[in-house]
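Reading through the structure tokens given below for one structure.
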Amino acid sequence: MDQRIARVSCLALAASLLLSSSGCNSLASRFFAKSLAQISTPTRPIKNANPTPLRPDVGLSVLWVGHATVLIQIGDKVILTDPVFSQTIGLVSRRLTAPGLDPGVITRLNAILISHIHFDHFAFGSLDLLPTSASLFVPSGGIPYTPEFGFSNLHAVRAWQPIEEDGLRITPVPVQHFGGRYGFDADWNSEPPWTGYVIEYRGTAVLFAGDTGYHPEYFREIGRRFRIDVALIPIAPIEPRAFMSRVHTDPSEALQIAEDVGAKLLIPIHHETFFLGLEPEAAYARSLLTKLIDERGLAHRVKILEIGEQIILKD
């Protein structure tokens with residue numbers, strides 16, 4: 001990784017945290033205080049991490065590594081989303097549960113999809129652990145933040161402009177989030193540094209929503225353009241809702257997105273990995289989703305994975 005960029009990143013983060021904890025932003029101070037309170041909590045280990053997640057013959061498999069990191073295999077193509085394997089993000093927020101996968105077992109990789117440039121999604125150190133034979137997809141507004149990793153291709157992506165490599169078709173799709181990497185740079189980008197993706201190969205389509213608030217027009221349009229088999233949708237952080245609602249979906253909104261895009265199956269992500277909101281407990285979002293599934297009879301439409309769990313959806 002470019003050492004100059006690393007130094008600038010650390011200095012910018014330190015400045016942002018100093019401002020957050022100075023009392024000038026009470027909400028940011030509360031987030032910071034909660035992160036500090038968790039810093040000494042031991043990370044829960046994964047009991048049975050999968051040493052061989054890549055399969056010689058599979059129609060579709062999904063392995064939730066934790067947070068927004070998902071290993072997807074469609075036939076002979078392997079895709080990884082928002083890879084984060086570190087124990088902390090931004091040097092402050094500690095990982096609650098260990099990654100569900102050792103990056104060293106990913107021996108081949110076709111594409112790495114970055115949804116946006118926040119520390120918990122665009123982790124430079126984690127990218128350094130992955131095979132450089134992959135193509136790296138980054139929102140166009142995030143390219144100025146992107147070091148030279150040595151991947152085979154670097155694609156600056158824009159909404160609705162698909163990129164195809166050897167039959168694997170990646171289409172960036174609009175979602176609703178916010179920009180910047182350090183807090184104070186949120187208005188620096190001329191183009192959005194966030195996106196979702198639809199992954200298509202051999203008649204299978206997977207939606208990776210990254211981080212997003214609920215935007216009905218965006219998701220209904222995705223549903224009109226694609227036949228989605230699996231939707232990977234975030235369900236946290238939730239609280240405080242007045243602040244979070246524009247940029248993070250809660251479980252009810254995640255279910256609505258799955259309905260809007262016509263997904264056959266919803267797999268929730270972005271929960272129980274880092275404390276990024278003010279929920280009373282790490283499993284808060286999962287508990288709400290479980291209750292909604294039971295109330296609405298949606299057990300056949302939603303699969304809640306454990307961190308490290310892999311599901312085979314098509315043989």
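The numbers here are math on the coordinates, done by the rules we state, and not lab data. Note that the structure is a prediction, hence the values are computed from the model and not measured. With ideal geometry, Cβ positions are generated from the backbone for all residues, glycine too; neighbour counts draw on all protein chains shown.
With a point put 7 Å past each Cα toward its Cβ, work out how far R158 is from R224 in nm, to one decimal.
Rounded to a tenth, the inter-label distance reads 2.1 nm.
Please express the Cα-Cα pair-distance distribution P(r) of region 132-252 as a list of whole percents, one per 10 Å bin, running from 0 to the bin with the greatest distance.
Final binned percentages: 12, 39, 36, 12, 0.
W188 versus V105, label points 7 Å from Cα toward the beta carbon: distance in nm?
3.8 nm
Once you place label points 7 Å from the Cα toward the Cβ at R296 and L129, how far apart are they in nm?
The modelled label-to-label distance comes out at 3.4 nm.
First measure r as the distance between the Cβ atoms of E259 and I311, then evaluate 1/(1 + (r/R0)^6) with R0 = 22 Å and state the FRET efficiency to the nearest 0.05.
0.60
More than 37 angstrom separation, counting every C-alpha pair in the chain; what % is that?
Cα-Cα pairs in the chain separated by more than 37 Å: 9 percent.
Antiparallel as a % of all DSSP beta bridges within the chain, to the nearest 5?
On the way: 32 of 53 bridges.
Among the beta bridges of the chain, antiparallel pairing accounts for roughly 60 percent.
How high is the relative contact order of the chain, given as a whole-number percent (alpha carbon pairs under 8 Å, six or more residues apart)?
18 percent
Under 8 Å for C-alpha pairs, at least 6 residues apart: give me the relative contact order for region 34-163, rounded to a whole percent.
Values: 233 pairs, mean separation 27.0, N = 130.
Taking the mean separation of contacting Cα pairs over the length of region 34-163, I get 21 percent.
How would S133, S126 line up from fewest to most surrounding beta-carbon atoms within 10 angstrom?
Listing S133, S126 from fewest to most nearby Cβ atoms yields S133, S126.
Rank the residues F219, F178, F208 as a footprinting-exposure proxy: fewest other Cβ atoms within 10 Å of their Cβ go first.
Details: F219 30, F178 15, F208 25.
Neighbour counts put them in this order, fewest first: F178, F208, F219.
Subtract the Cα-Cα distance of I143 and R55 from 0.36 nm times their separation in residues, and report this length gain in nm to one decimal. Walk me through the numbers before you get to the answer.
Values: separation 88, 0.36 × 88 = 31.68 nm, distance 3.26 nm.
Length difference between fully extended and current span is 28.4 nm.
Among DSSP beta bridges lying fully in region 158-315, give the percent that are antiparallel, nearest 5.
Roughly 60 percent of the DSSP beta bridges within region 158-315 come out antiparallel.
Amide H neighbours of A231 under 5 Å, at least 5 residues apart or on other chains, H built in the peptide plane: list them.
Amide H neighbours of A231, under 5 Å, 5+ apart: L207, L265, L266, I267.
Quick one: the Cα spread of region 164-315 along its three principal axes, in angstroms, biggest first?
42, 42, 30
Note down the Stokes-Einstein diffusion coefficient of region 167-222 in µm²/s, whole number, using a Kirkwood radius over alpha carbon pairs, 20 °C, and 1.002 mPa s.
In µm²/s, the coefficient rounds to 170.
Taking Cα pairs under 8 Å and at least six residues apart, what relative contact order does region 246-315 come out at, in percent?
It comes to 38 percent, rounded to a whole number.
One-quarter of the Cα convex hull surface for region 90-157, in nm²?
Values: hull surface 19.7 nm².
Average projection, Cα convex hull of region 90-157: 4.9 nm².
Taking neighbour Cβ counts within 10 Å as the exposure measure, how do L71, L313 sort from fewest upward?
Least crowded to most crowded, the residues run L313, L71.
Shape call for region 46-154 from the C-alpha gyration tensor, a ≥ b ≥ c root eigenvalues: rounded (a/c under 1.5), prolate (a/b greater than b/c) or oblate?
Note, shape of region 46-154 comes out oblate.
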